[in-house]
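The values are calculated or read from the model by the stated rules, or taken from the named source; none is laboratory data. Keep in mind the model is a prediction, meaning the values are calculated, not measured. Here Cβ is always computed from backbone atoms with ideal geometry, including for glycine, and neighbour counts include all displayed protein chains. In case anyone asks, the SASA skips ligands and DNA or RNA and just uses the protein heavy atoms, side chains included. Shrake-Rupley method; radii C 1.70, N 1.55, O 1.52, S 1.80 Å.
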Amino acid sequence: MPNMSPVKTPMPEQEPNVRNKNFEEVALGYTDEMAAEEAKRCLNCKNKPCVSGCPVGVRIPEFIQRVAEGDMEGAYQIIKTTNSLPAVCGRVCPQESQCEQKCVRGIKGEPVGIGRLERYVADWHMKHGAPEEFDVKPNGHKVAVIGAGPAGLTCAGDLAAMGYSVTVYEALHTAGGVLMYGIPQFRLPKEIVQKEIDALKEKGVKIKTDMVMGKVLSVDELFEMGFEAVFIGTGAGLPNFMNIPGEGLIGTYSANEFLTRVNLMKAYLDEYDTPIIRPKNVAVVGGGNVAMDAARTAKRLGAENVYIIYRRAEEQMPARKEEIHHAKEEGIIFKLLCNPIAIHGDDDGRVKAIECVEMELGEPDASGRRRPIAKEGSNFEIPVDSVVMAIGNSPNPLIRSTTEGLEANSHGCIVVDDTTMATTREGVYAAGDAVSGAATVILAMGGGKEAARSIDKYIQSKHSK
Amino acid sequence: MFKIVEKRILNDSMTLMAVEAPYIAKKAKAGQFIILRVNEFGERIPLTVADYDREKGTITIIYQKVGKTTLMLDQLNVGDEILDFIGPLGKATELEGYKNVAVIGGGAGCAIAYPQAKALHSMGTKVDMIAGFRSKDIIILEDEMKAASDRLMITTDDGSNGNKGFVTDALRKNIEEGTKYDLVIAIGPLVMMRAICNLTKEYNIKTLISMNPIMIDGTGMCGGCRLTVGGKTKFACVDGPDFDGHEVDFDEAIKRSRTYADLEKEATREYNCRLMEGANNA
Ligand SMILES: Cc1cc2nc3c(=O)[nH]c(=O)nc-3n(C[C@H](O)[C@H](O)[C@H](O)COP(=O)(O)OP(=O)(O)OC[C@H]3O[C@@H](n4cnc5c(N)ncnc54)[C@H](O)[C@@H]3O)c2cc1C
Ligand SMILES: Cc1cc2nc3c(=O)[nH]c(=O)nc-3n(C[C@H](O)[C@H](O)[C@H](O)COP(=O)(O)OP(=O)(O)OC[C@H]3O[C@@H](n4cnc5c(N)ncnc54)[C@H](O)[C@@H]3O)c2cc1C
Ligand code: SF4
Ligand code: SF4
Ligand code: FES
Ligand SMILES: [Mg+2]
C-alpha cells in the first residue's frame, strides 16, 4: 500500500536558534522508519519521469523500491551505478529543479523526497556497508586529471574503475574543490567529502595536492610524462567584484575568501591559525547558494545582523528554495530589490556602511528575468562592519593561458564538444564549472563521467589502430 | 611533505632555509614566490623564492620572524618537514631589455631584491644595489649582494655602518651624480617603496615594486590579495607580485595590510608564551 500523504516525511533539523550558533549539520537525516515511510510514497511509475530530471540518470524508483523493502545495500549499489557521490548529491543537489520537479507526486502535493532518500542510503552505507572491493585489472594506460572538484574526482573514479592509472593534480592542500572550500560544514560535513575521496584512493587513484598546474607543470609536460590523455576540471574559482567604490576597504571579502577562511582553513575553530574578521553587522551581496552560505556562515561566527542584498525579487533568486528557507529561519534579513552602489569606510579604512539604491522590476531582459532598474533618489545606508560579495565566479585563466591550442569563449569557459567533452586540443578533455561557468555539483559530475567515457574511447581507438 | 635541507641564521630576526621541492625548483624564476603551511593547524603564508637549485631540486627562502607562523617555521630544523609548499606562484619579474638598473632592498626586502639583482647581473645588465637596514648588526647577505651587483651601497638608519641615511638618499645621490637608470626595482616595507616611487616619479624613471598583500591560496581564487593599480583591481598573486610602482594605490595597500593586526599580535603573544613555558619546563 503506497503512503498517500501529500507532504514529504519531514526532515529532522536542528532548531534554527540553536543551529545558527554552531557549525554542525542543519539537516539531521532520516531515521530508518522515516526513510521507509517516505520510500512508500513512491509509486514506482513505469515511465520514470523523475529519472529524466536527474543529470546522471540515477535509477530512482529502483533504489527507492529497495529502501521500501529494507534492502539498503541493494539500494546503494543501484545508486552507485550512475552516481559516484550520493552522500554529497543527496545533500546539495537542487532537487526541486531536477529529479523532484519531474516526480508525479509533485502534481498534487509534494514530490517524493528523492534527495533525502539518496542521502539516507549513502549515509547508511557509510555506517553499515561492507568495504568495497576492487579487483580491476590495470590496463597499462595513464591519465592525468587537473583539479580535484566533483568533475575531476568523478572522471578519475570512472577511469580507475576501467583499469586506468589515474593521477589527480590539485592546487590546494586539500582535494574536494568547492565541496571542501566553498560549501559550509553545516550543509555538507567535510568528513563526508573526505570519505568519498579516501574511497577513490582505495581504488588506486593517486591524488597529488599542492600542485598548481600551469605553473608547476604544464599540460604539455603531462603528455611528455607519459599520460595519454588529460582531463581539466579546474572549476570557476575566480571571484567577481562589483567595481563600486570601497571594495578595497578592510572587512570587504569575496565570498570565496570568506568561505575559504572558514571551511578550508577552519578559521572558526580556535586551534586553527588563519584569522577572520568576526563581524557584528554584515551585508552579503547576491542571491545564489553562495550568498546564502556566506550569510549563514557570518551568523554562525556571531554576527547580530546579517543582510542579504539582492537586486531582484525573491522569486528570481537563483539559490535553492530550501537554502532561502533555512536562511530566513536562522534570522537572515532579506533586503530585496536593492543594489549596492558604494561601501563607506572610516579613517582606518574599515567598512562602516553600505550604500544602496532601491530597484524596481522593468521589462524582461535577455535571460527572461525582469530587469531591475534603479529608483532615482532612493539611496539609503545600512551600517555594517563587513561586506561579502557573492555575485559570481568565473573560470580561472591559469590552465587556459599556459596551454597551447586550448580554446575558450569570451567568458573564459573552455570550449568543448557537447557530447564528448573533447576540447580543441587532442587528448585533452574538460568538464564542470571550467566549461559551463558556475553551475552545480551534479552537472560537474555528469560532465566528468562523460569525459571518462570519451577518454576511454580515445585511448582504446588509438591503440587498436 | 617537504624536507628542510639547510638552515642558516642570518641575524636575530632573519633565517634562510633550503627546502626540497624538485618540481618547483625546476620552474622557479626571480620574482616568483611559494606559499607554505607549516602544519595542519597553520595558516598559508607566502615567501619569495630567494634562490633555487635546479639540480639539487631545492628552493631557498629567507624569512623574517614577525609573527606566529614565521616563529613556528623557525622552530623547524634540518631534516624536519614542512607540510605544504606550493609554487612557483606569481609572475616572474620581467628583466629583459634594461641597461642600467638600481635594485633597492629595505631590511628583509633585501632577501627578495637579491635574486633580482643576481638575475640581472648574470644577464650582463649594469646593476647598482642599494640596501637599507636599521643598524649595522642586522645587515644580511652582504657578500651575496656584492657579488650580484656592480656597486653595492648599504645605508643604515642609525649610521652604525658609517653610512647614515635612507635608501632614498642613496638613490637620489646616484641620480644626481649622473647615473642614468632605465629601471628601478624597489622591495621592502610599503612606506619605503612609496618613498622610492615618489622620488623616481620626479625623475621619470620606471619603477617596479614587489607587493606583499595578505594571501591565502595564491592562485587567484580568493581575491584577498587585491590591490588597486592604475585605478583597476588586480590580484597580486596572479597579476603580480610586481607592479608599476607609480600606479599602485599605496594608501589602500597600507591600510589593508593591517586587516588582522590585533589578531596577529594576540596569536604571536600567545605563541611566545607557549614557547617560553616549553623552555622553562625543559
Ligand atoms: C559556496 C558555494 C555553494 C554552492 N552550493 C551548491 C549547492 O548547494 N548545490 C550544487 O549543486 N552546487 C553548488 N555550488 C556549485 C558547485 O559547487 C560547483 O558547480 C561544483 O563544485 C563544480 O565542480 P568542478 O569540479 O567543476 O569545480 P570545483 O569544485 O571548483 O573544483 C575545481 C578544483 O580544481 C582546482 N584547480 C583550479 N585550478 C587548478 C590548477 N591550475 N591546477 C590544479 N588544480 C586546480 C581547484 O582548487 C578546485 O579544487 C556551490 C558553489 C559555491 C562556491
Ligand atoms: C608575495 C609575497 C612574498 C613575500 N616574501 C617574503 C619573504 O621572502 N620573506 C619574508 O620574511 N616575508 C615575505 N613576505 C611576507 C610574509 O608572508 C609575512 O611576513 C608572513 O605572512 C607573516 O606571518 P606571521 O604569522 O609570521 O606574522 P603575522 O603577525 O601574522 O603578520 C605580520 C604581518 O605580515 C603580513 N601577513 C600576515 N599574514 C599574511 C599572509 N597570509 N599573507 C601575506 N602577508 C601576511 C601582514 O602584513 C601582517 O601584519 C611576503 C609576502 C608576499 C605577499
Ligand atoms: S543525483 Fe541529484 S538530481 Fe539525481 S537523483 Fe540524486 S538528488 Fe536527484
Ligand atoms: S516520479 Fe516520483 S513517484 Fe514516480 S517513480 Fe519517480 S519518484 Fe517515484
Ligand atoms: S591570494 Fe587568493 S586570490 Fe590572490
Ligand atoms: Mg600570521
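Below, the figures for the structure above:
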| read-out | value |
| --- | --- |
| Hz values of 3J(HN,Hα) by residue in the stretch A:409-418 - Karplus curve (6.51, -1.76, 1.60), Gly and Pro given as x | 8, 5, 8, x, 7, 5, 7, 9, 6, 3 |
| The stretch A:117-241: C-alpha gyration tensor shape, a/c 1.5 cut-off, then a/b vs b/c | oblate |
| Within the accessible area of the stretch B:134-177 (1.4 Å probe), percent carbon and sulfur | 45 percent |
| For peptides B:168-181, B:198-211, sequence by mean Cβ density within 10 Å, most packed first | B:198-211, B:168-181 |
| Spin-label pair A:Cys45/A:Arg369, simplified geometry with 7 Å Cα→Cβ offset, distance in nm | 2.8 nm |
| All aspartates and glutamates inside 14 Å of B:Lys255 as judged from Cα atoms, apart from same-chain residues fewer than 8 positions distant | A:Glu247, A:Asp346, A:Asp347, A:Asp348 |
| Nearest-ten-degree value, helix B:167-176 long axis tilted from longest Cα axis of chain B | 20 degrees |
| Candidate aspartates and glutamates for bridging to A:Lys462, where Cα separation is under 18 Å - those fewer than 8 sequence places away on the same chain excluded | A:Glu224, A:Glu228, A:Glu426 |
| Neighbourhood net charge (13 Å Cβ-Cβ; Lys/Arg +1, Asp/Glu -1) for A:Asp270 | -2 |
| Radius, Kirkwood style, for the stretch A:16-128 when every pair of distinct Cα atoms is counted (Å) | 14.2 Å |
| Net charge of Cβ neighbours under 13 Å - reference A:Ser394; Lys, Arg +1; Asp, Glu -1 | 0 |
| Straight-distance crosslink candidates among lysines, where the alpha carbon sits under 18 Å from B:Lys136 and sequence neighbours closer than 8 are dropped | B:Lys146, B:Lys164 |
| Inter-chain Cβ neighbour average for residues A:314-323, partner chain, 10 Å | 0 |
| Interface residues, the stretch B:219-243 - accessible area loss of 50 Å² or more versus chain alone, probe 1.4 Å | B:Thr219, B:Met221, B:Cys222, B:Arg226 |
| Gyration tensor (alpha-carbon) shape descriptor, the stretch B:13-164, a/c threshold 1.5 | oblate |
| Sequence-separation-based contact order of chain A, relative, with Cα cut under 8 Å and 6+ spacing, percent | 15 percent |
| Other protein chain Cβ atoms within 10 Å, averaged over every residue that makes up B:254-263 | 4 |
| When chain A is reduced to its Cα atoms, the Kirkwood hydrodynamic radius in Å | 23.4 Å |
| Residue-normalised accessible area of the protein assembly as shown, given per residue in Å² at a 1.4 Å probe | 42 Å² |
| Chains B and A together, accessible area buried on both sides, 1.4 angstrom probe, square angstrom | 3400 Å² |
| Averaged over A:390-396, number of beta-carbon atoms from partner chains that fall within 10 Å | 1 |
| Relative contact order (percent, whole number), chain B, Cα cutoff 8 Å, 6+ residue spacing | 16 percent |
| The stretch A:16-128: relative contact order in percent, alpha carbon pairs under 8 Å with at least 6 residues between | 30 percent |
| Residues of the stretch B:148-167 with amide N under 20 Å of a point placed 7 Å along Cα→Cβ from B:Asp182 | B:149-151 |
| 3J(HN,Hα) from dihedral phi, the stretch A:82-92, Karplus parametrisation 6.51/-1.76/1.60, rounded to Hz, x for glycine, proline | 10, 10, 7, 10, x, 5, 6, 5, x, 8, 10 |
| The stretch A:240-389 shape via C-alpha gyration tensor axes, a/c threshold 1.5 | oblate |
| Helix B:261-281 vs. chain B, principal-axis angle (Cα, 0 to 90°, nearest 10) | 50 degrees |
